[in-house]
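One structure below.
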Amino acid sequence: MANTILVGAQWGDEGKGKIIDVLTGKADIVVRSQGGNNAGHTVIQGGRKYILHLIPSGILRRGKICVIGNGVVIDPVALVAEIEGLRKVGIEIGKNLLISDCAHLVLPYHRALDEQRELRKDHAKIGTTKRGIGPAYGDKAARTGLRMADLMQPDVFTKKLQAKMRENNSILKALGARPISFTKVNEDLLAAGEKLRPFVANTVVYLHRALQKGKEVLFEGAQGTFLDIDHGTYPYVTSSNTTAGGACTGTGVPPHRMDRVVGVMKAYTTRVGEGALPTEDPAIAGMLHEMGREFGATTGRARRCGWFDAVATRYATMINGIDELAITNLDGLDRLDPIKICVAYRLNGEILEVPPSDAAQWKRCQPIYLEMPGWKRSIEKVKKFANLPNEAKSYVRRIAELTGPRLTMISVGPARGQTLFL
Ligand code: IMP
């Protein structure tokens, strides 16, 4: 299996949860390195649907160790609720979960600020998940954040929280929002901290020791390449490095320990929130929503949908160094004929083979499509690549050709068994 970074090659929601679950079978340790509970990884196991927000999907398999790395931002109360929710349905959580003591905390004022900034009319709306992710990473970069290590020292934490809340309450008041009561928040957080205490560790040291012993690690990416704070459609991005490099900085594992990068691409394109999506097409969105697909796992919002964008995904392959490709949701295209793939953009009379850096220009790009015949039948029961309709085989091969990596997995439905290997 080797040490594997798994990344989303589009705007998130590529179906990473399902592919991570398949790859987890071969890993010893599964690690989250960035993002927070803005993520929603859906895994279907034994007929039951699980949505994981902060805990790596490996938790659903016995004997796997799950690590929440230093690059993740953690809402302690939400994490406790997630642990308790999983325990209620019989998932064992004990020595199989480690939480970095360096991970930054998402606190109630981060959520309130996220909401206020989205509400303010003079501020370009990003369409965030309102989980406080941006303000929490903002504090981290400004060096004023609180970390898990602080929460493990109640006296230190209470003092720091009090100062932070004073500052943030005055900002909230200035924005016309209600200030947050310190006492209740402090109590709730300290109680959550005690419940998390058994899991908190120096995860960098843990991972290095495990690697020395030959353990194999899967780095589970959250969100997708074009939501990356550096490489995405800025400012319509999340606040972390969702690209492969984030797996190193968010865990303390150096680049030379990484053996391969698996990129997940949905067979079409979706996006939640604002920002460029050149191949957006209400006709596909209508069909997918009617099929009950493409509603956000975290917020329930209907996702924007469009055709496969090979310009964006080729770029994602380059940035992440994607070696292997997993194509998901191929069955979502069962009813469509013809099926389009965007192979270049047209902008101001020029043909572009790579996306423009400026989000406003990207938004104005017109897709240039090639068309392929659809297969017009259900493929959800297909068990082998060889048994896919020829049109479906040609479609996925064309995607691999246009984007570059070696095609190794195709998903034709949400269950573990609905995965075809090449
Ligand atoms: P934030 O991460 O909540 O700040 O949201 C910033 C942008 O990233 C918004 O467009 C969100 O819809 C998007 N986003 C954040 N997390 C996810 C995810 O897990 N899947 C898809 N989009 C996401």
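Only the coordinates and a few stated rules stand behind these numbers; no lab work does. Computed from a predicted structure; not experimentally measured. With ideal geometry, Cβ positions are generated from the backbone for all residues, glycine too; neighbour counts draw on all protein chains shown.
In the chain, helices alone account for a calculated mean residue ellipticity at 222 nm of -10000 deg cm²/dmol, with every DSSP H run of four or more residues adding -39,500 (n - 2.57).
Going by how many other Cβ atoms sit within 10 Å of their own, how do Phe295, Phe199, Phe226, Phe308 line up, fewest first?
Ascending Cβ contact count within 10 Å gives the list Phe295, Phe199, Phe308, Phe226.
Among Met265, Met152, sorting on how many other beta-carbon atoms sit within 10 Å of each Cβ, with the fewest leading, yields Met152, Met265. With a ≥ b ≥ c the root eigenvalues of the C-alpha gyration tensor of the range 104-198, is it rounded (a/c under 1.5), prolate (a/b larger than b/c) or oblate? Verdict is prolate for the range 104-198. The magnitude of the dipole of the range 104-198, with charges of +1 and -1 set on the Cβ of Lys/Arg and Asp/Glu and taken from the Cα centre, is near 200 debye. Among Tyr268, Tyr236, Tyr315, the ranking by other beta carbons within 10 Å of each residue's beta carbon, starting with the fewest, stands as Tyr315, Tyr236, Tyr268.
Listed by chain and number, the aspartates and glutamates whose alpha-carbon sits under 18 Å from that of Lys160, ignoring those within fewer than 8 places in the same chain, are Asp75, Asp101, Asp139, Asp150, Glu187, Asp188, Glu194.
Restricting the calculation to Cα atoms, the chain yields a radius of gyration followed by a Dmax of 21.4, 65 Å.
Summary value for the chain: 20 percent relative contact order, contacts being C-alpha pairs under 8 angstrom separated by 6+ residues. Taking 30 Å as the cut-off for C-alpha to C-alpha distance, list the pairs among Lys125/Lys164; Lys18/Lys213; Lys16/Lys125; Lys164/Lys363 that go past it. Over 30 Å apart, Cα to Cα: Lys164/Lys363. When +1 charges are put on Lys and Arg Cβ atoms and -1 charges on Asp and Glu Cβ atoms, the dipole computed for the chain relative to its Cα centre reaches about 800 debye. How high is the relative contact order of the range 104-198? Use alpha-carbon pairs under 8 Å, at least six apart in sequence, and give a whole percent. So the answer I get is 28 percent.
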